[in-house]
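The values are calculated or read from the model by the stated rules, or taken from the named source; none is laboratory data. Source: prediction; values computed, not measured. Every residue, glycine among them, receives a Cβ derived from its backbone with ideal geometry; neighbour counts consider all protein chains shown.
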Amino acid sequence: MKKLIISALIFFAGSGVTLAQLGKLKIMEQRQLNVNAESNFLVGVVKDAVFAEKGLIVIDEADPKVLFIQDNISQKIGNEGRGPMEYLEPTSVSVSNSKMALLDKQLNRISHFKFSDKMKSWDFENTLKLNLDISDVCEFKNQTFIYGLNENGNIHKLTKNLSNIEYSVGKKNSEVLSKDLEKFNNGIIECDENKLIIGLKNDNKVSVYSNLESNVSNSEIVFNEIVPLVSVIEKVGDRQRIIKNYYSGEAYNEYGKFHDLLTSVIGLSEKLFLIQYERSHKDAKDNEEFVMSFIVDIETEEYLVQKNLPIFKDVVDNKGIITKDNELYLVEFNINK
């Protein structure tokens with residue numbers, strides 16, 4: 001297990017759409033924070049991480065746990081198990097207005113926690129288990145959205161008290177071909193005050209919704225530089241089978257066949273978003289060389305391409321959490337028009 005280290009890293013150099021259209025990113029400050037390993041929990045494999053209450057919430061995938069790190073002190077939120085305030089496979093976390101939404105993918109369950117400023121801890125509120133394969137959750141101003149394909153859609157808004165699904169929109173499973181089920185079963189969702197951005201992990205485009213109840217996306221942004229995973233139905237006698245079509249490496253020939261996997265969708269400002277893909281190889285190890293990043297202007301649908309950047313987990317007020325070699329780093333930047 002590794003000790004959690006948070007430090008600064010200078011980044012960003014790009015090409016594609018002119019930087020003047022989207023703004024340059026410049027590092028303003030660097031600082032390092034070491035968590036005291038003697039009296040706190042260690043982090044093995046970082047699954048997700050977000051800013052929360054002047055600290056961080058981190059999901060550890062290796063030894064399933066959720067940690068709240070503040071002022072160099074880490075405390076465990078909940079425990080492993082099936083009961084309230086417990087989890088088996090914490091997968092995604094989202095925080096807004098001192099409320100945390102936690103996804104347990106194995107239990108298909110969303111749980112709400114509220115931060116107690118007096119106790120400096122997260123108190124369990126309620127939980128909702130669904131008959132739905134959920135892949136992501138987003139919390140914004142007491143609104144909880146999840147991604148998961150079923151007969152009503154693939155985007156769902158939950159009631160405030162987590163009693164049920166309030167409404168569903170988007171693609172229905174009856175509208176998805178069998179060869180595309182894997183693609184539509186894995187999505188990433190990012191929300192803010194005015195819009196939702198939805199992306200499929202095996203696809204090369206994202207959809208932007210500003211009015212979910214209309215069930216029509218305002219725009220769809222396609223990244224031509226990204227290679228999606230394509231499946232075809234092949235007939236073998238009287239039977240059919242689904243074949244995944246991977247693409248031969250070009251600049252990455254030594255790694256064989258590949259496709260690109262959507263990994264991160266994060267808001268940088270009111271209209272700028274960071275969309276990141278990892279190039280998936282059969283034998284490739286985690287490496288920034290295989291990360292394709294796009295700074296996207298949601299309004300104009302223009303984007304800037306950047307390569308060799310670390311994966312971002314969260315951004316708040318020009319501060320970012322990134323992962324590099326399975327360590328967490330904190331970066332501070334500015335966007336100069």
Quick one: in the range 81-105, of everything that is in contact with a Leu (Cβ under 8 Å, 6 or more places away or on another chain) and surrounded by fewer than 13 Cβ atoms within 10 Å (Cβ to Cβ), which residue is farthest from Asp133 (Cα to Cα)? Gly81
Are any residues in the range 201-217 assigned to a loop (DSSP other than H, G, I, E, B) and on the phi < 0 side of the Ramachandran plot, and if so, which ones? Lys201, Asn202, Asp203, Asn204, Ser210, Asn211, Val216, Ser217
When residues of the range 143-157 are filtered for being over 16 Å from Lys195 (Cα atoms) and in contact with a Leu (Cβ under 7 Å, 6 or more places away or on another chain), how many remain? 2
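Just give me the residues in the range 127-142 being under 21 Å from Ile197 (Cα atoms) and surrounded by fewer than 16 Cβ atoms within 10 Å (Cβ to Cβ), in sequence order.
Start the filter on the range 127-142 by keeping residues that are under 21 Å from Ile197 (Cα atoms), which leaves 132-142.
Answer for the range 127-142, where residues must be under 21 Å from Ile197 (Cα atoms) and surrounded by fewer than 16 Cβ atoms within 10 Å (Cβ to Cβ): Asp133, Lys141, Asn142.
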Go through the range 96-133 and report how many residues are modelled with pLDDT of 95 or more, within 20 Å of Gly187 (Cβ to Cβ) and among the hydrophobic types (A, V, I, L, M, F, W, C). 7
Does Val66 count as of a type in the set (Val, Ile, Thr), within 20 Å of the chain's Cα centre (by Cα) and under 29 Å from Asn131 (Cβ atoms)? yes
Residues located in the range 216-253, provided they are touching a helix residue (DSSP H, G or I) at 6+ places or on another chain (Cβ under 6 Å) and at pLDDT below 80: Gly249
So Asp123 fits all but one of (1) crowded, with 18+ Cβ neighbours inside 10 Å; (2) in a strand (DSSP E or B); what number is the exception? (1)
Within the range 173-197, residues being within 13 Å of Gly148 (Cα to Cα) and touching a strand residue (DSSP E or B) at 6+ places or on another chain (Cβ under 6 Å) number 7
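Rundown of residues vs (1) among the acidic types (Asp, Glu); (2) under 16 Å from the mean Cα position of the chain (by Cα), yes/no style:
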residue	(1), (2)
Ile134	no, yes
Glu139	yes, yes
Asn142	no, no
Tyr147	no, yes
His156	no, no
Lys160	no, no
Lys171	no, no
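Within the range 146-200, which strands (runs of 3 or more DSSP E) (wholly inside it) include 2 or more residues that are surrounded by fewer than 20 Cβ atoms within 10 Å (Cβ to Cβ), at pLDDT 90 or above and touching a Lys or Arg at 6+ places or on another chain (Cβ under 9 Å)?
Values: elements: 153-158, 165-169, 187-191, 196-200.
So the answer is 165-169.
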For the range 39-86, name all the residues that are more than 20 Å from Ser116 (Cβ to Cβ), hydrophobic (A, V, I, L, M, F, W, C) and assigned to a loop (DSSP other than H, G, I, E, B). Leu42, Val45, Ala62
List the pairs whose first member sits in the range 247-269 and is of a type in the set (Gly, Ala, Ser), whose second member is assigned to a loop (DSSP other than H, G, I, E, B) and at pLDDT 70 or above, and whose Cβ atoms are under 8 Å apart, counting only residues at least 6 apart or on separate chains? Gly267/Asp192
